[in-house]
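So the structure is just underneath, and the comments pick up after that.
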Amino acid sequence: MNKIIPVTILTGYLGAGKTTLINYVLNNQEGYKVAVIVNDIGEVNIDAKLIGKGGVVTENDDSLVPLSNGCICCTLKVDLMKQIVELVKSGKFDYILIEASGICEPMPIVQTLTVLSDETGSYGVPKLCRLDNVVTVVDALRLASEFGCGDNLVKENIDEEDIENLLIQQIEFCNTIILNKVDEVEPDELNRVRKIIKVLQPKARIIETNYGKVEVKDIIDAKAFDFEEAAASAGWVQELEKDVEEEEEHHHHNHEEEHEHHEHDHHEHHEHEGHHHHYHDEGEAEEYGIGTFVYYRRKPLDRDAFEVFANNFPKSVIRCKGLIWFADTPNESYIFEQAGKQIQAEYGGDWIASAPEAERKAIIKENPEVLKDWDDEVGDRMIKLVFIGQKMNKEEIIETLDKCLK
């Protein structure tokens, strides 16, 4: 009978406490036979040495597999898959714990594991493993400092590496967050850190600790991970969906009035419709200055003007993501994404409205929900951006973006 091995992925920035947590779990593994795959970006796998010194496994022990000189979210994907297959085939282990490099984003690793756990059947291969838990270890002190709005840590010897972006990606895509070193942060700062995490990732379970001391059942065999839930759990996704629901309700109640004014005052109609700006949990948001809002418009952006905006992106914004379109390429949608200093806009496919009439009608027939947000003039084209930040000047951001419209 084929044995399906559960897998936990452990992510978190350098120094957050992943290795300490693994050593704690290994010393208290409660009967599990755990294999550990450790990925360190350098040629010398420092984490493997530290885990070896923990006394549970040694570097010569076949339960510790170092994957060095590369990253399992990109260059070492195939190596990771091979190692998992070998560990499963050995029959010696009933659990695999993967410690990702501190500069790894979780999503690509999860996708690799999903191939092994969910897609082997299509190749006639037995299912090998089950992704059980995606855990992000967060250093409470570092998070408080990184999102200090002007009071950030001096980032010595980091060059162009963007810590904020990595922290955000790691927090957004997981189902368990270990908030480590909480005793090193003042109570008020800890409250602010909790709020930041909750805004970025409202669905994940948060466990607060020191020295990586957690219940083994929270890490191993937790049966906690679901890909679809994790993919839709980030704060920006939640805000976008919430806005869509409110928008549909608004559209339902105001459809006749909007239709009446549409022809003679298109701009005013969308200015009115577009002000879906939210600050949820107002009391807490006021106290810590942490909030969200959605910028929604139907007009296209002037590419040059928007580039100026992106090059001078408000420092108060922690995370921004959504859909945009440009006047000079009206058929193309773009996915805009900002996290920390990293900003990009990637082609997201052609708008349905740009398709030939027969094709467009066929798509809408198959997906009638498209019509809920269909505009008589621009079809499904829109700008919809979720902003998450601290002490954001919402009105100024909206006004600046409005000046980018064409």
field: Sole exception among (1) farther than 24 Å from Q169 by Cβ; (2) open to solvent by 20 Å² or more (accessible area, probe 1.4 Å) for I343, by number
entry: (1)
Candidates A224, A232 - the one that is crowded, with 18+ Cβ neighbours inside 10 Å and either farther than 28 Å from E399 by Cα or at pLDDT 90 or above (or both): A224
statement: If we keep only residues of segment 346-363 that are touching a residue at least 24 places away in the same chain (Cβ under 8 Å) and not in a loop (DSSP other than H, G, I, E, B), then the residue surrounded by the fewest Cβ atoms within 10 Å (Cβ to Cβ) is G348
query: Could you say whether any residue in segment 364-376 is surrounded by 19 or more Cβ atoms within 10 Å (Cβ to Cβ), modelled with pLDDT under 95 and not in a helix (DSSP H, G or I)?
result: no
- prompt: From the set of residues in segment 311-332 that are outside any loop (DSSP other than H, G, I, E, B) and at pLDDT 95 or above, which is nearest to F387 (Cα to Cα)?
  reply: I324
Subset of segment 200-221 [open to solvent by 40 Å² or more (accessible area, probe 1.4 Å) and closer than 20 Å to G291 by Cα]: P202, K203, I206
- prompt: Going through segment 396-406 one residue at a time, which ones are open to solvent by 20 Å² or more (accessible area, probe 1.4 Å) and either modelled with pLDDT of 95 or more or touching a Gly at 6+ places or on another chain (Cβ under 7 Å) (or both)?
  reply: E396, E399, T400, D402, K403, L405
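The values are calculated or read from the model by the stated rules, or taken from the named source; none is laboratory data. This structure is a prediction, so every number in the text was calculated from the model and none was measured. Don't worry about glycine lacking a Cβ; one is built from the backbone with ideal geometry, like all the others, and counts go over all protein chains shown. For the accessible areas, the whole protein counts, side chains as well, though only heavy atoms, and no ligand, DNA or RNA atoms are used. Shrake-Rupley method; radii C 1.70, N 1.55, O 1.52, S 1.80 Å.
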